[in-house]
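Every read-out reported here was derived from the displayed coordinates using simple, explicitly stated rules and does not represent laboratory data. Every value quoted in this text rests on a predicted model; they were computed, and no experiment measured them. Virtual Cβ from ideal backbone geometry, glycine too; neighbours counted across all protein chains shown.
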Amino acid sequence: MLQGMVLLLVFQFIGEGLSALLALPIPGNVIGMALMLLALSVGWVKLEWLQEAAELLLSYMAMFFVPAGVGVMLYFDLISREWLPIVAGTVISTFVVMAVTGWTEKLLDKHGESES
Amino acid sequence: MSELLTSPLFGIALTLLIYRLAELLYRRTGFILFNPVAVSIVSIILLLKLCHIPYQDYNNGGRMILFLLGPSVVALAVPLYQRRQEILKRKLPILLGIVAGALSSIVSAAGITWLLGGSHRVVLSLVPKSVTTPIAIGISAKIGGIVPLTAALVVLTGCLGAICGPEFCRLVGIRSRAALGLAVGTASHGIGTARLLGEDRFAGAIAGLAIGLNGLATALIVPLLWLLFGG
């Protein structure tokens, strides 16, 4: 458990470092994810080492967004001033993106349903 | 008493308690509008407003919970690695699906807001709304959007995808697990992904991949459009 946590944090740290050093437009944690995927594929990191910690974090991932969402309360004034274009733009566009992305994948994917 | 409210203990305990209750409510009722993230956010805001507790006090603990999002994103490498064969088999549909999604997000969000009379900076703030928070904030700042508004709309988008993303996808004929995961992850980043992870590991892994790739695609496409149609 601790071992997995250490690995995740070290990879995040390296990712953040690369993102800052190279002034990349990608956040450090996403780079950390890519590096971890690479390390697993090459065999530098064994799945068993981090599986427990990763499962724990992923099962609570939704909760980690709550404080960011509560931050919305600071901008109620701003949102209420132009609420119609803001809310309509956000809501309609979210459904448009889901439909376009899903349909594109469906159209091009010839592999059919994956087994669970 | 006030020291207790400004210590991280308050924000952490409150978030965990409310989230636990919201999760129970969701499990008992199974009602999709009772998405635990959305219910927790609304409940905590109401509670802080009613008790006149400033957001900053809550956030002393809140930011520690938010911190765990970083290693969680790195942890998404695990389900991706476990499903690598099925993902590699579909690399073209996945990549093109995400590029199409990123383009449609930028155009539809800005277009609809502009048509409905949104002001210039508000229109720009909506451009990166489907992208994960850290990337969205960077894009918004670069093109002259209102950064906090972008952050708020990213969360709203995520909650929307978590509340009814999978239901909407099935309604419009997106049923395969790969297409569903890609659609929800591209449109509603980590919050939508978190719901999928709880229901279906494969769709969740694809959604996790979509968070990173859509962030990358949007971060590259927006400056390009900016050069072409410059503001």
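As a check on your grasp of the helix formula, calculate [θ] at 222 nm for chain A: sum -39500 (n - 2.57) over DSSP H runs of n ≥ 4, divide by the residue count, round to the nearest 500.
My calculation for chain A gives -23500 deg cm²/dmol from helical runs alone.
For the stretch A:1-59, taking Cα atoms only, what is the radius of gyration to one decimal and the Dmax to the nearest whole Å?
Cα radius of gyration and Dmax of the stretch A:1-59 are 11.6, 33 Å respectively.
Name the residue, out of A:Val91, A:Val45, A:Val70, whose mean-square fluctuation peaks in a Gaussian network model built on chain A with Cα pairs under 10 Å.
Among A:Val91, A:Val45, A:Val70, the largest GNM mean-square fluctuation belongs to A:Val91.
If r is the Cβ-Cβ distance from A:Trp49 to B:Leu95 and R0 is 30 Å, what FRET efficiency results, to the nearest 0.05?
0.50
Take B:Val172 and B:Phe31, extend 7 Å from each Cα along the Cα→Cβ direction, and tell me the distance between the two endpoints in nm.
2.7 nm
How would you rank A:Ser80, B:Ser104, B:Ser125, going from fewest to most other Cβ atoms within 10 Å of each one's own Cβ?
Listed from fewest to most nearby Cβ atoms, that is A:Ser80, B:Ser104, B:Ser125.
Can you tell me which lysines have their Cα less than 18 Å from the Cα of B:Lys129? Leave out same-chain residues fewer than eight positions away.
Within the straight-line limit of under 18 Å, B:Lys129 reaches these lysines: B:Lys142.
Bin by bin, in steps of 10 Å, what percent of the Cα pairs in chain A do you find, going until the bin that has the longest distance?
11, 22, 29, 29, 9, 0
Which lysines have a Cα lying under 22 Å from the Cα of B:Lys91, excluding residues fewer than 8 positions away in the same chain?
Those lysines meeting the cut-off are A:Lys106, A:Lys110.
Anyone know which of A:Val42, A:Val97, A:Val30 comes out most mobile in the 10 Å Cα GNM of chain A?
A:Val97
Go ahead and set up a Gaussian network model of chain A, Cα springs under 10 Å, then flag whichever of A:Glu52, A:Glu105, A:Glu16 fluctuates most.
Answer for the Gaussian network model of chain A: A:Glu105.
Using only the alpha-carbon atoms of chain B, report the extent along each of the three principal axes, biggest first, to the nearest angstrom.
56, 42, 31
For peptide B:137-143, what's the mean number of Cβ atoms from other chains within 10 Å of each residue's Cβ?
Mean partner-chain Cβ count within 10 Å for B:137-143: 1.
Can you quote the Å³ per residue value for the convex hull of the Cα atoms in the protein assembly as shown, rounded to an integer?
Per residue, the Cα convex hull of the protein assembly as shown comes to 140 Å³.
Separation of the stretch B:2-16 and the stretch A:1-38 by C-alpha centroid, Å?
29 Å
Order the peptides B:76-84, B:39-47 from the highest to the lowest mean number of other Cβ atoms within 10 Å of their residues.
Taking the mean over residues of other Cβ atoms within 10 Å, the ranking is B:76-84, B:39-47.
For A:Lys46, go through the aspartates and glutamates and keep the ones whose alpha-carbon is under 17 Å away, minus same-chain ones fewer than eight residues off.
A:Glu55
Between the stretch A:53-116 and the stretch B:168-231, what's the alpha-carbon centroid distance in Å?
Centre-to-centre distance over Cα atoms comes out at 8 Å.
Would you mind giving the three semi-axes, in whole Å and largest first, of the ellipsoid equivalent to the stretch B:2-67 according to its Cα gyration tensor?
Whole-Å semi-axes of the equivalent ellipsoid: 23, 12, 9.
Which helices, counted as full DSSP H runs in chain A, have an axial Cα extent of no less than 30 Å and a Kyte-Doolittle average of 0.0 or above?
Going by DSSP H runs, the hits are A:83-108.
Would you work out the Kirkwood radius for the stretch B:73-122? I mean one over the mean of 1/r across all pairs of different Cα atoms, in Å.
Kirkwood radius, the stretch B:73-122: 13.5 Å.
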